[in-house]
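Single-structure report; data block below.
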Amino acid sequence: MFQLLNNDNLQVAIIGGGPGGLASAIALSALPNVEVTLYEKARELREIGAGLNIGYNSWRVLELLGARHEVNGHLIDEVQQRNGIDGALLKKRGPSALPVKYQSRRVRRTRLQRALLNQVPAGIIHLRKELTSIEDVPKGGANLKFSDGTVAFTDLVVGGDGIRSVVRQTAFPDHNIKFTGTTIWRTLVSRSLISYIPDVPTCTSWWHGTAGHVYFSPVDDPSETDEKDQLIEISARFLVDPETDNAKRWSWGVPTTNENVESHFTSYDPRVREALSKVPKDNWKEFSAFAGPRLNELHAWNKLVLIGDASHPLTGAFGSGAAFAMEDGWILARSIEYVFSTSANETSTFLKTDRLKKVVEIFDEIRSPYYARMYEHLDNMKARFAGISGTFESRLQARVSAFSEGGLDWIYQNDIERVWKDWLENKSNPTAIQEGGSFVSPSL
């Protein structure tokens, strides 16, 4: 049974209304005696970007959140890797062997947001609330201060405020992020604008160049979206040396000109250049990628946890950030449920502050090793590519091989419910050995 002393509610403040914040609000609000408030600095909740990938790991957590049925998009049944300069097809992958309902789809980001929003109880989300600082209250809880001058008290702070997290900066002031050298331009365009261009709008494709790539993918299910309303996602990336780059790089989802985007891809195949030229004026958004070192712990003060990009600032390194953030929120809810249920019949001296300490420790025990493994993988890949030199073709072949070799089922086929069950089993059987020393669901 889940209960608190003296019928006291557990107050949880979620900072940020992205997928992680919304998923946390859904999972936590389902618990009795938990009072959830989500603070979002924007005037309205809207997704910045274009499309995103929803694969097995996302489908599983969306099922747990009750939001799966509202998310749909393009079934990724073919992925092409091409030489972006001459257009040559280098590699092609067919449909996944997973059941169709768990296969990857490329979807509009707005569809995921709408599905999550529809599961958040009314009254939880507070807009135009920009967090400026957090004050640790020694006897328990924290005071949140906002730019409008208001202050709110909470027992637990959930930092879901993204790569430029105020919550993370407050809890870990010595942690810094920096520009990675990658700039991404994203947009959605009507399929009709580029349908005549061979090999571009028909499937998911990567066109690799000397310093980046251009990505195309449908984002709609033809059985649900009229042809005239179907959209194609275009995502273009360009890489510079961050050590020699002197341009100001702090943009995230800001408008940019067609001329700026197209100027970085003048050497690409004519089909790519033609597609870029058809993007309507003022449709592009620019994103400068930032990243930072791994945090040794994802919690602070025994009353603050970080989720999503706030907890592992990697800016889309695995293309599954929404899934990670939603998984974080669901695991946090399970940790609270477990601690407050198992301690309900213990001595009355076991206070709320003691329980929250156990909550954040459990959350960290499950999620921190998972993110550590991601950082380790990226370090290994960086070392691997550092040893590759020579022609563009040789570097391109290595890049395509890395895309195709797999080995990341522990990410893309992660089953977060299985992870939690494994943790519970490990509690009852401490000698159980988990894959890689962390809690990861077995590959399908």
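Taking the stretch 55-104, which residues are over 17 Å from Glu233 (Cβ atoms), of a type outside the set (S, T, N, Q) and in a loop (DSSP other than H, G, I, E, B)?
Gly66, Ala67, Ile85, Asp86, Gly87, Ala88, Gly94, Pro95, Ala97, Leu98, Pro99
Return yes when Ala42 is outside any loop (DSSP other than H, G, I, E, B) and small (Gly, Ala, Ser) and no when it is not.
no
What number of residues within the stretch 323-354 satisfy the criterion of being touching a strand residue (DSSP E or B) at 6+ places or on another chain (Cβ under 9 Å) and modelled with pLDDT under 95?
2
Within the stretch 353-383, count every residue that is closer than 26 Å to Gly316 by Cβ and of a type in the set (A, V, I, L, M, F, W, C).
Total meeting the criteria: 7.
Of Leu31, Leu98, Leu127, Leu116, which residue is more than 27 Å from Ala398 (Cβ to Cβ) and surrounded by 22 or more Cβ atoms within 10 Å (Cβ to Cβ)?
Step by step, each of Leu31, Leu98, Leu127, Leu116 is checked, and only Leu116 is more than 27 Å from Ala398 (Cβ to Cβ) and surrounded by 22 or more Cβ atoms within 10 Å (Cβ to Cβ).
Restricting attention to the stretch 15-67, which residues are farther than 30 Å from Leu98 by Cα and of a type in the set (Ser, Thr, Tyr)?
Passing the criteria: Ser29, Thr37, Tyr39.
In the list Ile48, Ile26, which residue meets the criterion of being surrounded by fewer than 18 Cβ atoms within 10 Å (Cβ to Cβ) and touching a residue at least 40 places away in the same chain (Cβ under 8 Å)?
Ile48
Looking at Ile134, Ile124, Ile48, which is the one that is within 20 Å of Ile307 (Cα to Cα), β-branched (Val, Ile, Thr) and under 18 Å from the mean Cα position of the chain (by Cα)?
On inspection, the qualifying residue turns out to be Ile48.
Filter the stretch 235-251 down to the residues that are of a type in the set (S, T, N, Q) and modelled with pLDDT under 95 and list them by number.
Thr244, Asn246, Ser251
Tell me, which strands (runs of 3 or more DSSP E) lie completely within the stretch 239-321 with 1 or more residues that are under 27 Å from Leu28 (Cα atoms)?
So the answer is 304-306.
The values are calculated or read from the model by the stated rules, or taken from the named source; none is laboratory data. If you're wondering where the values come from, they're calculated on a predicted model, not measured in any experiment. Cβ sites come from the backbone with ideal geometry, for glycine too, and all protein chains shown count toward neighbours.
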